[in-house]
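Below is one structure; the comments refer to it alone.
The values are calculated or read from the model by the stated rules, or taken from the named source; none is laboratory data. Because the structure is predicted, anything quoted here is derived from the model rather than measured. Note that we place each Cβ from the backbone using ideal geometry, even for glycine, and neighbour counts take in every protein chain shown.
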Amino acid sequence: MAKTKSKWVCTECGYETAGYLGKCPECGSWGTLEEEVQFSEKLPNAAANEFVNTEKPTLLKDITVGEGVRVSTNISEFDRILGGGFVQGSLVLLAGDPGIGKSTITLQTCGELCKSGKKVLYVSAEESASQLKLRADRLGINSDNLYIYPQTNMENIKIQIEEVAPDFVVVDSIQAIYSNNVPSSAGSVSQIRECCNILMHIAKSKNITTVVIGHVTKDGNIAGPKVLEHMVDTVIYFEGDKYKSYRMLRSMKNRFGNTSEVGIFEMIATGLRCVSNPNELFLNERSQVAAPGSAIVVTNEGTRPLMVEIQALVGTTSYPSPRRVTNGVDLSRLHQILAVLEKRVGLNLSKQDVYVNVMGGIDVDEPSADLGIALAVATCARDVVVDSQTVIIGEIGLSGEIHPVNNIERRLNEAAAAGFKKAIIPYANDVPADLRKIEIVKVKRLMDAIAACVSVQG
C-alpha cells in the first residue's frame, strides 16, 4: 500500500504547503488552509495532453461569429441573467444551498433545450437514474434527446461525452466528481480544480456548453477554491428562503452579459415558474396604511429596478449592549448608518435595539438603499411615518450628505408604473424635464429627508 501523505491547500487561491499556516502566504487570507490527504502517488496527468490546442493565432478582423452563438433556454428569467441564453462552448457554474432547487431548474432547462432539438447529457453524481426519472416525471419532462448518466469518475464522463456527442452537458455536482489523476478524495480542493479544468477544456475544444452545479458553504461561498470562479465563464447563485416559495437566480460573473442580473422564480408543485412582475411580488404583502419604520426603496439589480419594503423596529434594550439584527441588509452597513443618525441627526440609539428586515427574502446590497434604511429607523424611533405612496432613493455619506445614484430615470419610471406618487431622491441627481409622472422631492442631507417624511404626514 502506498504511503499516505497530506498537504494543506488554500480554499481561496489554491496555494499548497506541506504544513499548516494560519495565513496564506499567496493571497493573505486567514484560516483558509485545509488539509488534503493523498492516498497514493500522483499519476502522470495525461488529461491536459488530450486537449492541446493546435490552432494558430488569428487576426481579430478575420474571426466570424455565427448566428447561433447563443441558445435560448426558453425560460425567460434564466435567459435574462445569461444575457439572452447560453453561449456555445461556455462553462457555467450554478451554486446554491442544498435543497434550494439547483437540480430542478437545471433539469427544467434541459427539458426546454431538448424541445429545441438539442442533445443533452445529464451527469448525476449524487442521484441514481431512477431518482432523476421521478423528478423528471414530476416536472413533466420526457424527451428522446435527454441522456442520464449516473457517474462520479471524470475519466468515464469524458468517454461518454465523446460517444454521445451532446450539445449540452450538466454535471451535478462538481464536489462529487473525482479524477484518477489526483490522489485525493472527491470534493477536495485539488479534485474540484482538476475536474473543472478538464470540463473547461472539453467545453472549449468541442464547443459543448457545460453547466456545473456546486454547493455552497454555511458562509454562502462555493465549496471549493475561489480560483474555480475564475476558471468558468459565468457564475450564477441560486438564492432563496426555505420558508418561502420564491427563488432568485443572481448572476455574479458573466463574460458574455451583464453582471448582478436577477431572475425571479416561484417554486410550485410542477417545478419553478418565472415571475414576470417581481415588483408586485415584493410589494403584495405591503399594507396600504403607512406605519412607523417602513420605507419603500428602489434598488437596481443589473438592468432591472426592484422595489422592496424595508422595515425597522427600534425599542429600548433590556441588555447592557443593544442588539443590531438584520435580515437582507449587511450588518456593517447598518452600523454605519446608525452612526450617521446619531452624529449628524442627533438620534440617540445607544440604548436602543435596532432590527432591520427586507421583505420578500431578497438581499439588498446596493448603496442606494441607505436612505431608505435610515428613514425606516428614524421614523420608527420618532414614531412618525413615511407615506405609503412614497419611494426612497439615495446613498448616505459619513457627513450625512445624500449622494446621487445611477439609473435614476429608470428607477422613477418603474416607481411611477407601480402607482407611487412621490419620490425622495438625491439633490444632485438630474431628472429629465419630461418626467412628470411622479412628484420629485430632492434632498441634500439626511436631516432634509427626515423633514420631508414628516411633512408628508402633516
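All conditions in (1) without any contact (Cβ under 8 Å) to a residue 12 or more places away in the chain; (2) part of a loop (DSSP other than H, G, I, E, B) hold for GLY257, with the sole exception of (1).
Which members of segment 294-323 meet the condition of being among the basic types (Lys, Arg) and over 25 Å from the mean Cα position of the chain (by Cα)? Of everything in segment 294-323, just one residue is among the basic types (Lys, Arg) and over 25 Å from the mean Cα position of the chain (by Cα), namely ARG323. Evaluating ILE337 against the criteria (1) modelled with pLDDT of 95 or more; (2) of a type outside the set (Ser, Thr, Tyr); (3) surrounded by fewer than 19 Cβ atoms within 10 Å (Cβ to Cβ) leaves one unmet condition, (3).
Taking only segment 383-399 into account, find how many residues are touching a strand residue (DSSP E or B) at 6+ places or on another chain (Cβ under 9 Å) and either free of Cβ contacts under 8 Å to residues at least 12 places away in the same chain or more than 15 Å from ALA452 (Cα to Cα) (or both).
Filtering segment 383-399 for residues touching a strand residue (DSSP E or B) at 6+ places or on another chain (Cβ under 9 Å) gives 385-397, 399.
Next, from what is left, pick out any that are either free of Cβ contacts under 8 Å to residues at least 12 places away in the same chain or more than 15 Å from ALA452 (Cα to Cα) (or both): 395-397, 399.
Matching residues across segment 383-399 total 4.
For segment 354-381, the candidate set comprises residues that are among the acidic types (Asp, Glu) and free of Cβ contacts under 8 Å to residues at least 40 places away in the same chain; within that set, the residue that is surrounded by the fewest Cβ atoms within 10 Å (Cβ to Cβ) is ASP365.
Of the residues contained in segment 275-295, one or more are found to be farther than 14 Å from PHE78 by Cα, modelled with pLDDT of 90 or more and in a strand (DSSP E or B).
Where residues in segment 267-315 are acidic (Asp, Glu) and exposed (fewer than 15 other Cβ atoms within 10 Å of the Cβ), which of them is farthest from SER103 (Cα to Cα)? Walk me through it before giving the result.
Filtering segment 267-315 for residues acidic (Asp, Glu) gives 280, 285, 301, 309.
Okay, now just the ones that are also exposed (fewer than 15 other Cβ atoms within 10 Å of the Cβ), so 280, 285.
On the way: GLU280: 27, GLU285: 29 Å.
Going through the qualifying residues, I end up with GLU285.
Against the condition modelled with pLDDT of 85 or more, closer than 25 Å to PRO367 by Cβ and either part of a strand (DSSP E or B) or assigned by TED's automatic domain parsing to the domain that holds GLY214 (or both), how does MET252 come out, does it pass? Spelling it out, MET252 is indeed modelled with pLDDT of 85 or more, closer than 25 Å to PRO367 by Cβ and either part of a strand (DSSP E or B) or assigned by TED's automatic domain parsing to the domain that holds GLY214 (or both).
Count of segment 67-82 residues, restricted to those that are over 14 Å from LEU113 (Cα atoms) and either buried (at least 20 other Cβ atoms within 10 Å of the Cβ) or at pLDDT 95 or above (or both), is 4. The C-beta contact set for segment 190-206 (first residue farther than 16 Å from GLU162 by Cβ, second residue hydroxyl-bearing (Ser, Thr, Tyr), distance under 6 angstrom, 6+ apart or interchain) comprises SER190/SER184; GLN191/TYR178; GLN191/SER184; GLU194/SER179; CYS195/SER179. Here ASP353 fulfils each of the conditions (1) part of a loop (DSSP other than H, G, I, E, B); (2) farther than 20 Å from ASP448 by Cα; (3) not hydrophobic (A, V, I, L, M, F, W, C) apart from (1).
With respect to SER6, determine if the residue is part of a strand (DSSP E or B), farther than 26 Å from GLU266 by Cα and either among the small types (Gly, Ala, Ser) or at pLDDT 90 or above (or both).
Values: part of a strand (DSSP E or B): yes; farther than 26 Å from GLU266 by Cα: yes; either among the small types (Gly, Ala, Ser) or at pLDDT 90 or above (or both): yes.
Yes; evaluated as a whole, the condition is true for this residue.
Here's the yes/no breakdown for (1) at pLDDT 90 or above; (2) surrounded by 20 or more Cβ atoms within 10 Å (Cβ to Cβ):
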residue	(1), (2)
PRO166	yes, yes
TYR178	yes, yes
VAL189	no, yes
ILE202	yes, yes
LYS206	yes, no
VAL216	no, no
ASP219	no, no
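Among the residues of segment 407-427, the one identified as polar (S, T, N, Q) and either buried (at least 24 other Cβ atoms within 10 Å of the Cβ) or in a helix (DSSP H, G or I) (or both) is ASN413. Checking each residue in segment 377-406 for being among the acidic types (Asp, Glu), over 28 Å from the mean Cα position of the chain (by Cα) and not in a loop (DSSP other than H, G, I, E, B) picks out only GLU401.
For segment 234-249, filtering for residues that are buried (at least 21 other Cβ atoms within 10 Å of the Cβ) and either of a type in the set (D, E, K, R) or out of contact with any strand residue (DSSP E or B) (no Cβ under 8 Å at 6 or more places or on another chain) (or both) leaves 1. Among residues of segment 324-353 being within 27 Å of the chain's Cα centre (by Cα) and without any contact (Cβ under 8 Å) to a residue 12 or more places away in the chain, the one that is farthest from ILE264 (Cα to Cα) is HIS335. Considering the conditions (1) modelled with pLDDT under 90; (2) within 23 Å of the chain's Cα centre (by Cα), SER184 is excluded by exactly one of them, (2).
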